[in-house]
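The block underneath contains the structure these notes are about, expressed in structure tokens.
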């Protein structure tokens, strides 16, 4: 944090389908989760520094600094700050990663889940064993294809999670819950429903104030369009 890492604590949930039932479980903010995250970041930084010192080409991950650096407090400020972030990208020359507060970083902890992590493992393992490693050009070719595939996978994951959240609501037509005001637009108020980690919009009102809670009722769901309409509870 002292090096500029951004802490964005917006609601997160786990979405699973168990025997046909949609199970949505909020992910609590636990010290144990932070410890695991820190260990993964240290492993990624160590792998990147070792590769750089050894002259081994790997796909580094970097993120430019946003045009405005803030220390957000409250859900509304964190929501606004996240929208200022520039997308991270991969490259063969290390650059700082703003969001993580690291001068150098590579993803290396999930080789079974991400191909970029597997590439890092293969490059470092071959180097340690004295075997040939991929050239920078060969790595660049593979990295370009995995960047495109990664974007599609992330989009599919977002759409899948949203689908099952809407199915969850559709099966509960009498649902009521709380939404936190995170942004005020000209005609709409942007809310986050914490128990679902779901962003939505309702008609704007002069009474809406940032970071306040509004009681919501479910009005309409369109699964093919992936849209949901909430109303204000009386």
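The values are calculated or read from the model by the stated rules, or taken from the named source; none is laboratory data. Because the structure is predicted, anything quoted here is derived from the model rather than measured. In this analysis, Cβ positions are derived from the backbone assuming ideal geometry, glycine residues included, and neighbour counts consider all displayed protein chains.
Can you tell me which residue within the stretch 193-217, out of those that are surrounded by 18 or more Cβ atoms within 10 Å (Cβ to Cβ) and within 13 Å of residue 228 (Cα to Cα), is nearest to the chain's Cα centre (by Cα)? Filtering the stretch 193-217 for residues that are surrounded by 18 or more Cβ atoms within 10 Å (Cβ to Cβ) and within 13 Å of residue 228 (Cα to Cα), the one nearest to the chain's Cα centre (by Cα) comes out as 198. When residues in the stretch 38-61 are screened for being within 21 Å of the chain's Cα centre (by Cα) and surrounded by 12 or more Cβ atoms within 10 Å (Cβ to Cβ), 9 of them pass.
Checked against (1) more than 24 Å from residue 88 (Cβ to Cβ); (2) assigned to a loop (DSSP other than H, G, I, E, B); (3) touching a helix residue (DSSP H, G or I) at 6+ places or on another chain (Cβ under 9 Å), residue 218 passes all but a single condition, namely (2). Taken as a whole, the condition of being under 18 Å from residue 61 (Cα atoms) and at pLDDT 90 or above applies to residue 108.
Conditions (1) touching a residue at least 60 places away in the same chain (Cβ under 8 Å); (2) assigned to a loop (DSSP other than H, G, I, E, B), marked per residue:
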{"site": "50", "(1), (2)": "yes, no"}
{"site": "58", "(1), (2)": "yes, yes"}
{"site": "61", "(1), (2)": "no, no"}
{"site": "72", "(1), (2)": "yes, yes"}
{"site": "85", "(1), (2)": "yes, yes"}
{"site": "95", "(1), (2)": "no, yes"}
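For the stretch 55-81, the tally of residues that are farther than 17 Å from residue 95 by Cα and either touching a helix residue (DSSP H, G or I) at 6+ places or on another chain (Cβ under 6 Å) or assigned by TED's automatic domain parsing to the domain that holds residue 194 (or both) stands at 2.
Listed here are the residues, each with its yes/no results for (1) at pLDDT 90 or above; (2) surrounded by 15 or more Cβ atoms within 10 Å (Cβ to Cβ).
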position	(1), (2)
75	yes, yes
79	yes, yes
92	yes, no
95	yes, yes
98	yes, yes
103	yes, no
112	no, no
118	yes, yes
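Just wondering, is there one or more residues in the stretch 133-144 that are within 22 Å of the chain's Cα centre (by Cα), closer than 25 Å to residue 43 by Cβ and surrounded by 16 or more Cβ atoms within 10 Å (Cβ to Cβ)? Within the stretch 133-144, one or more residues are within 22 Å of the chain's Cα centre (by Cα), closer than 25 Å to residue 43 by Cβ and surrounded by 16 or more Cβ atoms within 10 Å (Cβ to Cβ).
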